[in-house]
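Where a number appears in this text, it was derived from the coordinates with a stated rule and is not lab data. It should be emphasised that the depicted structure is a prediction, and the values quoted were computed from it without experimental measurement. Neighbour counts are summed over all protein chains in view; Cβ atoms, including those assigned to glycine, are modelled from backbone coordinates with ideal geometry.
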Amino acid sequence: MNAHSAPGGEADLRRDDAPFRPAKTTNPMAEAASPILEARGLTRRFAGLVAVHDVSFSLTSREILGFIGPNGAGKTTLINLLSGTLEPSEGEIWFEGRRIDRMAAFRRARLGIGRTFQIMQPFPGLSVLDNVAVGALFGHGKGQARLERARESARECLHFVGLGKHIDHRAEDLGGPDRKRLELAKALAMQPRVLLCDEVMAGLNLVEIDEVIDIIRKVRDTGISIIVIEHVIKAIRTLSDRIMVLHHGEKIADGAPDSVLTDSRVVEAYLGKKRA
Ligand SMILES: Nc1ncnc2c1ncn2[C@@H]1O[C@H](COP(=O)(O)OP(=O)(O)O)[C@@H](O)[C@H]1O
Ligand SMILES: [Mg+2]
């Protein structure tokens, strides 16, 4: 079943009961060329503050797009607008040819927009497996075998992110790095087509960062397009096909990592105005 090409209506948005597995592409060349997600003139105001101002960009199929910018630049707000946690004040969001900027977050999740949260929120008292199964349940149909199928998908996602040995532990007993992996597994269990990652590498050491980079690459190799917010420039340069820079809510650069990271406006945004 291709849930994404089905006509509108809630039932059509449900995923089938298959566990997490690589997305199938009928025509990779055609898919590679067209944007899967597109923002047009997105603006979000909070009272007097413009957190995101007239931002347009597109994400191509199987692309890894890095979002960078100083603290308060509007990166998380932009992810919130894309996932539906926040409504834009102005502008449009298109996902696979469909306008979604007024659609509720849970509907966007069912359509295939998955996300992780900057502040991790494991469900307390539940095992690692069931934390992820909750996400899998959301994407799966009805019937008595539903929980068992969700747990099966959750198990696959947990092995995928390297948490296989912690499946039966309580989620709140996981350390920081493993909680980041849990966030990724929870998002993957919902079978996204686009994954939005908000600082999944924050607080990790260099070895752990490399491990997360490998996981994100593996996710992309299954056919998922990815937006990554990250502060560690070395990681974002290694991982991203393209980097977009936000500064005071505005897009100031968008392009190949090496050219963006040497762009004088970007250097200035990070280091402040150079003295003469
Ligand atoms: N819910 C909110 N209410 C009011 N202001 C907000 C809210 N969310 C974010 N902001 C403000 O919007 C700006 C951008 O924040 P954010 O998107 O979190 O930045 P980043 O993720 O790039 O650090 C900041 O000035 C922040 O204080
Ligand atoms: Mg943020």
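General remarks:
- Using the Cβ of R115 as centre and a radius below 11 Å, the other residues enclosed give a net charge of 0, where K and R count +1 and D and E count -1.
- Simple spin-label estimate for D210 and H159 in nanometres, 7 Å along Cα-Cβ: 2.5
- Order by protection proxy (mean Cβ within 10 Å, highest first), peptides 43-49, 257-263: 257-263, 43-49
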